[in-house]
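Okay, so here's the structure we're looking at.
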Amino acid sequence: QVQLVESGGGVVQVGGSLRLSCAASGFSFNTYTMSWFRQAPGKERECVAATRAYGDSTYHANSVKGRFTISRDNAKSTVYLQMNSLKPEDTAVYYCAADQSRFIATTQRAYDYWGQGTQVTVSS
C-alpha cells in the first residue's frame, strides 16, 4: 500500500521558516522523482520543487528560487522542503508527489502518487 505522509506545516509569520517532510512507503522510493506542489485557494496546483531519484538534479520554481530547497534522504524514504523567507503568497496546501519517471516533470498528470497535503499559512 502506497503512502505519502506530509508533516511540518503550520502558521508562521512573514520572513519565517518551515521545514516540510514527506515520508514515503509502499514503493521503491529511491527510483522515483519526488516533488512538492502547492495549491492556494482559487488557484491551480503548481509544482514548486522537484528532485530526481538520486538527488543529482533538482528543480525550483522561479517564485521560490533562493528561498526554498528540496532535498531527499533515500535511506529514510523521505523528501523535505526547507522554506525560508516566507511570504504571504506562499500560503497554500502543500502536497508531496511521486513520479516513476527518471525525468523531472512539473505537471500534475505526470505523477503517480500523492499525499494528503499539509497547510502552510504565512501571516503578515
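Could you please find all residues in the stretch 90-124 being open to solvent by 20 Å² or more (accessible area, probe 1.4 Å), part of a loop (DSSP other than H, G, I, E, B) and aromatic (Phe, Trp, Tyr)?
Passing the criteria: only Phe103.
Going residue by residue through the stretch 53-74, is there one that turns out to be loosely packed, with under 15 Cβ neighbours inside 10 Å, in contact with a Lys or Arg (Cβ under 7 Å, 6 or more places away or on another chain) and either under 30 Å from Ser124 (Cα atoms) or of a type in the set (Gly, Ala, Ser) (or both)?
Checked against the condition, which is being loosely packed, with under 15 Cβ neighbours inside 10 Å, in contact with a Lys or Arg (Cβ under 7 Å, 6 or more places away or on another chain) and either under 30 Å from Ser124 (Cα atoms) or of a type in the set (Gly, Ala, Ser) (or both), the stretch 53-74 yields no hits at all.
Yes or no, residue by residue, for (1) open to solvent by less than 10 Å² (accessible area, probe 1.4 Å); (2) more than 19 Å from Gly115 (Cα to Cα); (3) in contact with a Cys (Cβ under 7 Å, 6 or more places away or on another chain):
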| position | (1), (2), (3) |
| --- | --- |
| Val2 | no, no, no |
| Gly8 | no, no, no |
| Gln13 | no, yes, no |
| Val48 | yes, no, no |
| Thr51 | yes, no, no |
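Give Ser71, Ser21 a once-over and let me know the one that is part of a strand (DSSP E or B), free of Cβ contacts under 8 Å to residues at least 24 places away in the same chain and not acidic (Asp, Glu).
Working: Ser21 fails: free of Cβ contacts under 8 Å to residues at least 24 places away in the same chain.
Step by step, each of Ser71, Ser21 is checked, and only Ser71 is part of a strand (DSSP E or B), free of Cβ contacts under 8 Å to residues at least 24 places away in the same chain and not acidic (Asp, Glu).
Can you name the condition, by its number, that Ala23 falls short on among (1) under 16 Å from Cys96 (Cα atoms); (2) open to solvent by less than 40 Å² (accessible area, probe 1.4 Å)?
Here Ala23 clears every test but (2).
Any idea which residue in the stretch 75-89 is least open to solvent (accessible area, probe 1.4 Å), counting only those that are over 15 Å from the mean Cα position of the chain (by Cα) and farther than 17 Å from Ala40 by Cα?
Ser85
For Gly16, are the conditions met, namely being of a type outside the set (A, V, I, L, M) and modelled with pLDDT under 95?
On the way: of a type outside the set (A, V, I, L, M): yes; modelled with pLDDT under 95: no.
Criteria not met by Gly16.
The values are calculated or read from the model by the stated rules, or taken from the named source; none is laboratory data. Since the structure is predicted, the reported quantities are computational estimates derived from the model, not experimental observations. Ideal geometry is used to build each Cβ from the backbone, glycine not excepted, and the neighbour counts take in all protein chains shown. Note: areas computed on protein heavy atoms with side chains; ligands, DNA, RNA excluded. Shrake-Rupley method; radii C 1.70, N 1.55, O 1.52, S 1.80 Å.
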